[in-house]
1. Helix-only mean residue ellipticity at 222 nm, chain A, DSSP H runs n ≥ 4 weighted -39,500 (n - 2.57), per residue, nearest 500. What is it?
2. Report the B-A buried area as the accessible area lost on both sides summed, probe 1.4 Å, in Å² to the nearest 100.
3. Can you pull the percent of chain B's accessible area that's carbon plus sulfur, 1.4 Å probe, other chains left in place?
4. Select from the stretch B:273-305 all residues whose loss of accessible area on going from the chain by itself to the full protein assembly reaches 20 Å² or more (probe 1.4 Å).
5. Using mean Cβ contacts within 10 Å as the protection proxy, how do B:122-128, B:286-292, A:197-203 order, highest first?
6. Can you say what percent of the DSSP beta bridges in the protein assembly as shown, counting only those with both residues inside, are antiparallel? Round to 5.
7. On the protein heavy atoms, probe 1.4 angstrom, tell me the percent of accessible surface of chain A carried by carbon and sulfur.
8. Over chain B, with the other protein chains present, what is the accessible area per residue in square angstrom, probe 1.4 angstrom?
Amino acid sequence: MQNSILNNQAFYNLTPIAIELVDFINDGEDARHFRFRLPSPQSIDKPEPGQFFMLSVPGAGEAPFTFTVTPNDQGVFRALVRKMGEVTTALFQCQPGDILGIRGPFGKGWPVNALANKKILMVAGGCGLAPLAGLIDQLITSHHHKHLALVYGARNRALQMLNPERLRWQQELSLFDVLEDTGSTQASTEENHILEGTPLDAMDSVLRTLDWTPDTLLLCGPEVMMSAAAKNFIQRGLSAQAIWLSIERRMHCAVGLCGHCYLSEHHLAHHYVCKDGPTYRWDHLQPPEKN
Amino acid sequence: MKTQSYYLDHPNTLRNHLAKSYQIEPPEADSAKSTPPLISPKGQLFAEHENLFTFDGECFRETLPKPAPFVLFGVQSCDLTAIHYQDQFFANDPYYQARRQQALLIGIDCLSPCQQGFCPSVDAGPGVKNETADMILHQLSATSWLLLVCNKKGLNALEGLLLNPANESEFTDRDNRIASCVEQFNDDSYLQQGITAINQNQVPEELWQQLGIQCLSCSGCTNLCPTCSCYGTWERQDSNGDIRRQRFWDSCLYESFQREASQHNPTEEAGERVKRFWTHKFGDNFAQEFGRYGCVGCGRCEQTCPGVVGVHSVMKRIASDAKLDT
């Protein structure tokens with residue numbers, strides 16, 4: 001991110017690089033899994049799982065998204081997007097071949113090195129599965145991770161995302177789909193190994209099914225869900241230092257300037273999620289102990 | 001460089017000299033006053049609106065400002081301290097730096113307190129600190145001024161203007177006059193108590209909520225605050241079809257500031273937003289990062305706030321309501 005106009009100093013780049021929309025598949029209600037192509041694989045630094053980028057849809061604006069698949073040697077990468085606001089609505093009107101923009105990668109990703117040999121339970125809700133997708137693929141393909149389980153909660157079957165990926169992952173990890181509204185009979189629910197309720201409702205059943213006890217918890221989803229899951233696992237005896245979560249915030253710069261993504265926790269009021277996050281360890285988010 | 005000092009008959013002598021090579025802000029003569037203007041010079045460096053880039057359908061092109069050399073003339077210590085603070089915050093922002101590198105800063109010592117100011121309490125005045133300006137004006141009498149030159153940039157700008165060097169004793173006299181100005185400020189011990197309470201997280205949540213109710217989210221304080229730097233972005237289409245992204249001053253006190261596309265809003269409550277605003281101004285975490293508090297004691301928030309939740313009002317209420325650890 002160099003800008004040579006002023007003195008050679010390293011300046012933030014607030015101007016995107018042009019990328020091409022390659023194609024997309026529909027993947028869940030109002031959600032699409034997009035493929036984009038960079039001018040070259042070296043156009044941006046190599047992203048770590050859990051890092052994010054700013055996607056520009058010219059005319060509509062810019063918003064943060066995670067890499068579900070990081071750029072390959074053709075510079076092609078993927079991102080899962082749910083149609084939600086102005087930027088994503090405009091993106092859903094784009095066609096293959098359209099030129100969009102990217103800046104990044106930004107932020108701190110999952111603590112990949114600290115995860116080696118850990119017994120990892122991942123709990124994802126809704127779109128929260130996207131920031132974990134790249135990590136899951138890395139753990140199962142290059143690390144051949146042994147103890148890996150994913151509990152994926154969604155409101156109903158139509159809102160489940162990353163359907164092809166979850167099908168593939170089933171062979172490599174213990175996958176538990178949880179639906180608040182299963183919309184079907186008990187028999188077919190059991191047949192498809194779908195649990196009912198929230199991920200937390202299903203947790204006793206999940207832990208009984210696993211023949212190992214998780215020593216690391218990775219969370220991504222609505223903040224209420226992450227907070228409830230973290231507290232639940234601390235009650236179950238897990239250390240706060242073994243719980244990691246990825247936080248979502250509105251962002252306009254991703255380099256700590258625009259101010260939008262601050263954390264309101266008093267001791268972290270100087271934190272910007274774009275720089276200091278989006279991945280946080282649970283104990284770091286808690287107020288410091290009083291002496 | 002050792003500070004050099006000269007006698008000057010009137011600030012306009014310096015202004016006229018600098019006008020040969022620089023654009024002067026503010027453009028009106030006699031702007032060297034010992035009271036900060038309602039609007040700080042913040043916008044000269046961090047523009048209220050500015051283009052970030054254009055997109056022609058294929059390429060994104062950065063649009064850096066290219067201002068001619070300019071002078072911020074007669075800037076008070078509070079605003080210079082704010083610029084010094086922003087220099088750190090925007091150190092890697094190419095748009096800010098493109099303007100900043102063209103700017104020459106002429107400070108002016110305040111010799112009497114202004115109505116809402118409390119710069120001595122936050123180490124931001126009333127005398128201008130050398131590291132925050134290129135030159136400093138200091139009034140000696142109706143017809144005589146002292147001009148301090150703080151650095152090489154200031155010295156170079158002075159080239160061609162013949163001035164008599166000042167006596168060494170003027171430094172001490174200046175310090176004394178500034179010290180006597182400090183003594184004339186009102187007692188504001190509630191400020192220190194408020195700062196302590198904010199940092200100990202001892203402000204009752206109900207008080208933040210009450211202050212939040214009084215905040216009209218009008219952005220008067222954040223616009224006038226010389227250190228406020230939050231911005232939003234939007235895109236505009238030119239008549240030729242090109243897209244321009246602009247950034248514009250935003251306010252963390254707006255209800256929508258953190259609201260996401262999903263409508264999830266981490267700071268939906270006004271009290272939380274007000275709390276974060278004051279923590280940003282007086283939090284020790286920020287002070288550690290920037291070497292000082294974010295507040296420079298100009299008092300403009302008090303002056304402008306229609307809800308009576310400017311700095312003096314807020315800190316007085318915090319000081320009286322907080323349960324301080326002693």
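1. -5000 deg cm²/dmol, from helical runs alone.
2. Rounded to the nearest hundred, the buried surface is 4000 Å².
3. 48 percent
4. Buried-area filter returns B:275, B:276, B:279, B:285, B:286, B:289.
5. Numbers: B:122-128: 24.7, B:286-292: 14.7, A:197-203: 19.6.
Ranked from most to least packed, the peptides come out as B:122-128, A:197-203, B:286-292.
6. On the way: 60 of 98 bridges.
That works out to approximately 60 percent antiparallel.
7. Using a 1.4 Å probe with all protein chains present, chain A comes out at 47 percent carbon and sulfur.
8. Accessible area per residue, chain B: 43 Å².
The values are calculated or read from the model by the stated rules, or taken from the named source; none is laboratory data. All figures in this text were calculated on a predicted structure; none of them were measured in a lab. All Cβ positions, even for glycine, are placed from backbone atoms using ideal geometry, and neighbour counts span all protein chains on display. These accessible areas exclude ligands, DNA and RNA; they are computed on the full protein's heavy atoms, side chains included. Shrake-Rupley method; radii C 1.70, N 1.55, O 1.52, S 1.80 Å.
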